[in-house]
């Protein structure tokens, strides 16, 4: 190897070493929120279970959702629907339309959920009736604890036929 | 008809050399590289010449780490501290990058000092290099400005109080002093507007000035050429010159590796800490600036009464003036330092004086009760750094929309046990020794994080019946009913959280730590040690 290119190699290696020592933590640092996305895995209270025992059409409830947003913890209001599944069991539905993410509304007179954006329609159990949405309304995990109905609010990928959790 | 342009000298080599040629024809990159690398150094390459490029490297490091920090940092009094805690405690690589930035600022000062000494001792500023020197002198002050403005940004105790002192020092300037202090602070007190000002100065104004003057410094350096060793003539070099590449580049690279290795090693092994959030109401806190401001800090202790103007403005002003005008004062072409006794002596006196002042300041701080308070502050800082990250909480649930049917039980401060516990904490005199917000004083340690350290029942037992060590420190038995004890522990659990004392942070009109009338050094008013002489 010629002396000149040998020196250039040494210098290149040193510069590479410095770039690695500094660059690696910078890349990890920048990617941190990309890997560890916001997730709420806390149970949020919807209301007393007795409130819902006798419902036959969906009921809108606003829950207080505690979420981590980077370095802050935010408490936001999030509507959910409590309704009966086709087997008669209570279920909690996300109001986020699985088409493109608008908030659906319950139309009592029509006995269905209607999305105001692109006209997607869903039955009272959340099943897809018509319109562009590729699937029914998303069910949220729920449980009854100490007489309270609790829900885990989560977001799902929009415009795909199967419910896919966004982490 | 289309005709393709043919490059006049189409090289035959491989793809790489053809690509390089393509680029060169359009940019002149080869000539530029040659110009940079073939810079002739009279008398040859030396280790003594590595400091300038070292400073450039550290500046670039500061830019990279600084931009990284800005990715998560927020410059408001309410959230700055939490965002820095987030960077330090949560984000991958955050503690390392913040430490690198903090140690980098110290490295900048050290290498700047070496660069200055090398240039001064070698007489490298002589021979039509006045502007080169002036741009360098200005850069030194800009770097000090970066240190001063950056120190406030984490918004912890030491940041807040050191800035209170620093901005008061500026207030000692006759006639316009008060205006300068108010300009720096964005008003009378240190608050969120001060933080915005320091942030803008630290991130936009000073760095762009540094970039501009670094460019000027390098251009002027290339115009004048390297001065070479002391025996070289400063205007018309006579010694045999050696090109910058390869030997000097290798030396510079060697120094760069050393700097990065030391900084990365320190950052990895001893990451910098973050203290509890700034609490302007804390009257115990002893502010200490970064080590490179310690000489000035110590110097201020010697001046009081009407003479303070001499100490704070006149003498530093003369030194700064002489520093700036060096090439106009030391004008002979003689470069050898031993044949320039007056400038050499002057610099030696100032440098030795500064080092002695710095050392004296450290020695002064070893005396009781200062030493205890400083040790206590350090302990608090370590404890806060080690405690798990607590997110910033706000309470939008106070005005829930009418449709809400759920109880807003999510906000910590709404728990009725907490105010009850706080009352017990104050009424039973806990706050007398542990401080109003439980962050500790010279008499008793911090209680921040105590509920994480001990399980509830163990803590209750300890409070009912303190152990021998606690008793020795003067801790009495806490006589409380189980209910009261539960409330007290509920309150203790909130200590140190940003939500536990938001009014203090949000209230920018909190008492100013060090405004005093007349010309006495401002610190004296409320920081006992500073005026202890």
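The values are calculated or read from the model by the stated rules, or taken from the named source; none is laboratory data. Please read these numbers as outputs of a predicted model, since none were measured by experiment. Using ideal geometry, Cβ is built from the backbone for each residue, glycine included, and neighbour counts are taken over all protein chains shown.
Here are some notes:
- Annotation note: of B:445, B:401, the sole residue that is out of contact with any strand residue (DSSP E or B) (no Cβ under 9 Å at 6 or more places or on another chain) and at pLDDT below 80 is B:445.
- Those residues of the range A:51-63 which are in a strand (DSSP E or B) and more than 7 Å from chain B (Cβ to nearest Cβ), in sequence order: A:59, A:60
- Residues in the range A:97-108 that are surrounded by fewer than 21 Cβ atoms within 10 Å (Cβ to Cβ) and either facing chain B (nearest Cβ under 10 Å) or under 19 Å from residue A:163 (Cα atoms) (or both): A:99, A:100, A:101, A:102, A:103.
To keep it simple, each residue is scored yes or no on (1) part of a helix (DSSP H, G or I); (2) crowded, with 18+ Cβ neighbours inside 10 Å; (3) within 13 Å of another protein chain (Cβ to nearest Cβ); (4) within 35 Å of the chain's Cα centre (by Cα).
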{"residue": "B:234", "(1), (2), (3), (4)": "no, yes, no, no"}
{"residue": "B:238", "(1), (2), (3), (4)": "no, no, no, no"}
{"residue": "B:248", "(1), (2), (3), (4)": "yes, yes, yes, yes"}
{"residue": "B:253", "(1), (2), (3), (4)": "yes, yes, yes, yes"}
{"residue": "B:257", "(1), (2), (3), (4)": "yes, no, yes, yes"}
{"residue": "B:261", "(1), (2), (3), (4)": "yes, no, yes, yes"}
{"residue": "B:265", "(1), (2), (3), (4)": "yes, no, yes, yes"}
{"residue": "B:271", "(1), (2), (3), (4)": "no, yes, yes, yes"}
{"residue": "B:275", "(1), (2), (3), (4)": "no, yes, no, yes"}
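- Failed item, numbered, when residue B:287 is tested on (1) over 17 Å from the mean Cα position of the chain (by Cα); (2) part of a loop (DSSP other than H, G, I, E, B); (3) not assigned by TED's automatic domain parsing to the domain that holds residue B:89: (1)
One line per residue, one yes/no per condition, for (1) within 27 Å of the chain's Cα centre (by Cα); (2) at pLDDT 95 or above; (3) farther than 30 Å from residue B:286 by Cα:
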position	(1), (2), (3)
B:319	yes, yes, no
B:323	yes, yes, yes
B:330	no, no, yes
B:338	no, yes, yes
B:344	no, yes, yes
B:356	yes, yes, no
B:364	yes, no, no
B:367	yes, no, no
B:373	yes, no, no
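For every residue, the table says whether it meets (1) surrounded by fewer than 17 Cβ atoms within 10 Å (Cβ to Cβ); (2) under 15 Å from residue B:162 (Cα atoms); (3) touching a residue at least 12 places away in the same chain (Cβ under 8 Å); (4) touching a helix residue (DSSP H, G or I) at 6+ places or on another chain (Cβ under 6 Å).
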| position | (1), (2), (3), (4) |
| --- | --- |
| B:278 | no, yes, yes, yes |
| B:285 | no, yes, yes, yes |
| B:289 | no, yes, yes, yes |
| B:293 | no, yes, yes, no |
| B:308 | no, no, yes, no |
| B:327 | no, no, yes, yes |
| B:340 | no, no, yes, no |
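- Restricting A:74, A:22, A:18 to those that are at pLDDT below 90, within 30 Å of residue B:94 (Cβ to Cβ), surrounded by 15 or more Cβ atoms within 10 Å (Cβ to Cβ) and at the interface with chain B (Cβ under 10 Å from one of its Cβ atoms) reduces the list to A:74.
- Which listed residue is free of Cβ contacts under 8 Å to residues at least 40 places away in the same chain, more than 8 Å from chain B (Cβ to nearest Cβ) and out of contact with any helix residue (DSSP H, G or I) (no Cβ under 7 Å at 6 or more places or on another chain), from A:2, A:28: A:2
- Any hit, the range B:439-453, residues being out of contact with any helix residue (DSSP H, G or I) (no Cβ under 6 Å at 6 or more places or on another chain), free of Cβ contacts under 8 Å to residues at least 60 places away in the same chain and surrounded by 14 or more Cβ atoms within 10 Å (Cβ to Cβ): no
- Every condition in (1) within 30 Å of residue B:89 (Cβ to Cβ); (2) assigned to a helix (DSSP H, G or I) holds for residue B:189 except the one numbered (2).
- Residues that are within 15 Å of residue B:229 (Cβ to Cβ) and in a loop (DSSP other than H, G, I, E, B), drawn from the range B:330-339: B:333, B:334, B:335, B:336
- Scope the range A:31-46; condition at pLDDT below 90 and either facing chain B (nearest Cβ under 7 Å) or closer than 16 Å to residue A:143 by Cα (or both); matching residues: A:40, A:41, A:42, A:43, A:44, A:45, A:46
- Restricted to the range B:82-95, and to residues there that are within 7 Å of chain A (Cβ to nearest Cβ) and surrounded by fewer than 22 Cβ atoms within 10 Å (Cβ to Cβ), the residue that is farthest from residue A:31 (Cα to Cα) is B:93.
- Taking the range A:147-163 as the range and being over 9 Å from the mean Cα position of the chain (by Cα) and either free of Cβ contacts under 8 Å to residues at least 24 places away in the same chain or part of a strand (DSSP E or B) (or both) as the test, the residues that pass are A:148, A:149, A:150, A:151.
- Residue in the range B:49-68 that is modelled with pLDDT of 95 or more, more than 30 Å from residue B:158 (Cβ to Cβ), more than 14 Å from chain A (Cβ to nearest Cβ) and assigned to a helix (DSSP H, G or I) present: yes
- Scope the range A:64-97; condition out of contact with any helix residue (DSSP H, G or I) (no Cβ under 6 Å at 6 or more places or on another chain), within 18 Å of residue A:137 (Cα to Cα) and either in contact (Cβ under 8 Å) with a residue 60 or more places away in the chain or not in a strand (DSSP E or B) (or both); matching residues: A:78, A:80, A:85, A:86, A:87, A:88, A:89, A:94, A:95, A:96, A:97
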